[in-house]
Amino acid sequence: VVGGESLTLEFDLLGRLTGRPAYGRAARRAVQALWLGRNALGLVGKHIDAATGRWTETVAGIGSHADSFYKEFLSSLDVSWTSLTGSFPPSTPSAT
């Protein structure tokens, strides 16, 4: 899952350098698809089948693959906030 997010900044830069913004748009669509596939708690799983879009490992938590998605996601928001504004509705699960 982290692979889907970690390349967003790189593909956005590639699009800007080549004058072909489709690279960045495709990467953001992939991240949006992952984001929209969150579970009821607002978490993503660890592995997804790219052909079917189905989660193959639905475990979410702190550890390899899962937590890196959020780190990369927040990094891309920090750098590309204006291009992502509105794409991802706020989702804050209740702490109670």
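Scanning the stretch 39-70 for residues that are crowded, with 18+ Cβ neighbours inside 10 Å, at pLDDT 80 or above and assigned to a loop (DSSP other than H, G, I, E, B) yields VAL44, GLY45, LYS46.
In the stretch 6-21, the residues that are under 22 Å from LYS71 (Cα atoms) form Cβ pairs under 9 Å with partners that are not in a helix (DSSP H, G or I), at six or more places apart or across chains, as follows: ASP12/PRO21; LEU14/ARG20.
Taking the stretch 13-38 on its own, how many of its residues are open to solvent by less than 70 Å² (accessible area, probe 1.4 Å) and either modelled with pLDDT under 85 or under 10 Å from the mean Cα position of the chain (by Cα) (or both)? Final tally of qualifying residues: 10.
The values are calculated or read from the model by the stated rules, or taken from the named source; none is laboratory data. The shown structure was predicted, so the numbers you read here are calculated from the model rather than taken from an experiment. A quick note on method: Cβ atoms are made from the backbone with ideal geometry, for glycine too, and the neighbour counts reach across all protein chains shown. Surface areas here come from the heavy atoms of the whole protein model, side chains and all, with no ligands, DNA or RNA. Shrake-Rupley method; radii C 1.70, N 1.55, O 1.52, S 1.80 Å.
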